[in-house]
Amino acid sequence: MDGFLQETDTRRNFIKKSLLTLALGQAAPSLFLRSALAAQSSERILVVVNLFGGNDQLNTLIPYRNDLYYRLRPTIGIPAQQALDLGVRGQNLGLHPALRPLMPVWEEGRLALIPQVGYPNPNRSHFISTSIWHTADPSRQENTGWLGRFGDTQQDPFCETFLGGSTPQALVGRTKRAPAISSVEAFSLHLPKPLETALEKELSRVRQGTAEEVRQAMLRLKEALRRVGAVQSYRNQAQYPATPFGRALADVARMIAGGLGSQVYYTALGGWDTHAVQPPRQGELLGELAQGLSALRQDLRAMGREKDVMILVFSEFGRQVAENASQGTDHGEGGLMLVLGGGVKGGLYGGEPNLEDLNLDALKYQTDFRQAYAAALRWIQADVRQVLGQDFPALPLL
């Protein structure tokens, strides 16, 4: 009888210790705990970068031989001699000089430039237009995000990850919401040494009933923490910008290297609402973007994953064609998307802008953004119709 009581007490203590550890584990991110023993990192990965604020297409992809461009932008137009010529026959377009770090990607045929991307009946409100891009629904009837709906179809709760403060609408589904993390370093679980030693001893003993269920849960937690350690131990092989955006991309590389299993990583770079003194601000942001993407590409190449990752960059709209009185530009419509990666068919998916055929002083949209989304969904082997509600013809990016 005494032996039975002793064993019962031991089991109770084990359960208490284990539950205590699980409770302590709440200090670690639930995304790691819930992803314990998840499938190995997917072969195909999508990285999405949201340029919030409305990036100006005309000073990013520059019609540097168009006299009208310089007449409409006498003070903010990028000088023709500074534009990085793309070498596309029949096209007189060049990239902003701050995007020079991306020129090797272009020259390798792995950077796609998609001008004048938008949607029917465009909206020039930051928040409304961003919501439309996030839900992939210009009618504004849908509340869930396009990638959130993809996440709803996946068993692994860690199939998508947001690097930033609060999960954006794009990653909110009907039943799941992608976890948001500020940095890899923020997530760890440290136990007092005596408790860690006792826990290891108890975990080695096979049990029955509730005690065995708790033991299995703890083993899964242990494996999740091992994977966190693998991420934290990886050292980036490239120099990223010393900014929140640069650190987010560095963490994306570390998470991919650690094999955490996300198919989608999502982050943002804000500050693109350039109503005044646009040239220095946009140049700084484009440089940060290009340096960060170039570093991520170097990291992916170093770990042998460059061909597995597609990077999609978008902004909620472009800017008006004529500069304003404050040496800036106001909200427009059609904007520029960038898509790059070792498996991407690069090139120019459009032509020079017609600066005489405008809608309220803005470039008209020519390509529906959902065509790019369709290509991205095909990349991660998602059901386009199920996610977007219909079969949009995908851009031939693959």
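The values are calculated or read from the model by the stated rules, or taken from the named source; none is laboratory data. On a predicted model such as this, the values are computed, not experimentally measured, just so you know. Every residue, glycine as well, gets a Cβ built from its backbone with ideal geometry; the counts of neighbours run over all protein chains shown. All accessible areas refer to the heavy atoms of the entire protein, side chains included, with ligands and DNA or RNA removed. Shrake-Rupley method; radii C 1.70, N 1.55, O 1.52, S 1.80 Å.
Numbers at a glance
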| quantity | calculated |
| --- | --- |
| Residue match in region 233-256 (condition: open to solvent by less than 10 Å² (accessible area, probe 1.4 Å), touching a strand residue (DSSP E or B) at 6+ places or on another chain (Cβ under 7 Å), part of a strand (DSSP E or B) and closer than 29 Å to Y64 by Cβ) | no |
| Pairs where the first residue, in region 386-398, is more than 13 Å from L312 (Cβ to Cβ) and the second is open to solvent by 80 Å² or more (accessible area, probe 1.4 Å), C-beta under 6 Å, 6+ apart | D391/R385 |
| Odd one out for S262, checked against (1) modelled with pLDDT of 95 or more; (2) crowded, with 19+ Cβ neighbours inside 10 Å | (1) |
| Selection from region 195-229 of residues that are exposed (fewer than 15 other Cβ atoms within 10 Å of the Cβ), of a type in the set (A, V, I, L, M, F, W, C) and modelled with pLDDT under 80 | L195, L219 |
| Whichever residue in region 377-391 is part of a helix (DSSP H, G or I) and out of contact with any helix residue (DSSP H, G or I) (no Cβ under 9 Å at 6 or more places or on another chain) and, among such residues, is least open to solvent (accessible area, probe 1.4 Å) | W379 |
| All positions within region 270-289 that are open to solvent by 40 Å² or more (accessible area, probe 1.4 Å) and part of a helix (DSSP H, G or I) | P279, P280, R281, E284 |
| Qualifying position, being open to solvent by 10 Å² or more (accessible area, probe 1.4 Å), more than 27 Å from R149 (Cα to Cα), among the acidic types (D, E) and touching a residue at least 40 places away in the same chain (Cβ under 8 Å), among D357, D368, D361 | D361 |
| Residue match in region 324-332 (condition: charged (D, E, K, R) and open to solvent by 10 Å² or more (accessible area, probe 1.4 Å)) | yes |
| Residues located in region 290-313, provided they are in a strand (DSSP E or B) and crowded, with 22+ Cβ neighbours inside 10 Å | V309, M310, I311, L312 |
| Selected residue [at pLDDT 95 or above, assigned by TED's automatic domain parsing to the domain that holds V88 and under 22 Å from the mean Cα position of the chain (by Cα)] from V277, V321, V344 | V344 |
| Any hit, region 146-159, residues being in contact with a Lys or Arg (Cβ under 6 Å, 6 or more places away or on another chain), surrounded by fewer than 19 Cβ atoms within 10 Å (Cβ to Cβ) and either of a type outside the set (V, I, T) or in the same structural domain as L286 (by TED's automatic domain parsing) (or both) | yes |
| Residue match in region 93-112 (condition: part of a loop (DSSP other than H, G, I, E, B), open to solvent by 50 Å² or more (accessible area, probe 1.4 Å) and in contact with a strand residue (DSSP E or B) (Cβ under 7 Å, 6 or more places away or on another chain)) | yes |
| Condition met for A394 (open to solvent by less than 50 Å² (accessible area, probe 1.4 Å), assigned by TED's automatic domain parsing to the domain that holds G328 and small (G, A, S)) | no |
| Number of the exception - F52 against (1) open to solvent by 10 Å² or more (accessible area, probe 1.4 Å); (2) more than 27 Å from N123 (Cβ to Cβ) | (2) |
| Identity of the residue in region 163-187, closer than 25 Å to N236 by Cα and part of a helix (DSSP H, G or I), that ends up least open to solvent (accessible area, probe 1.4 Å) | V184 |
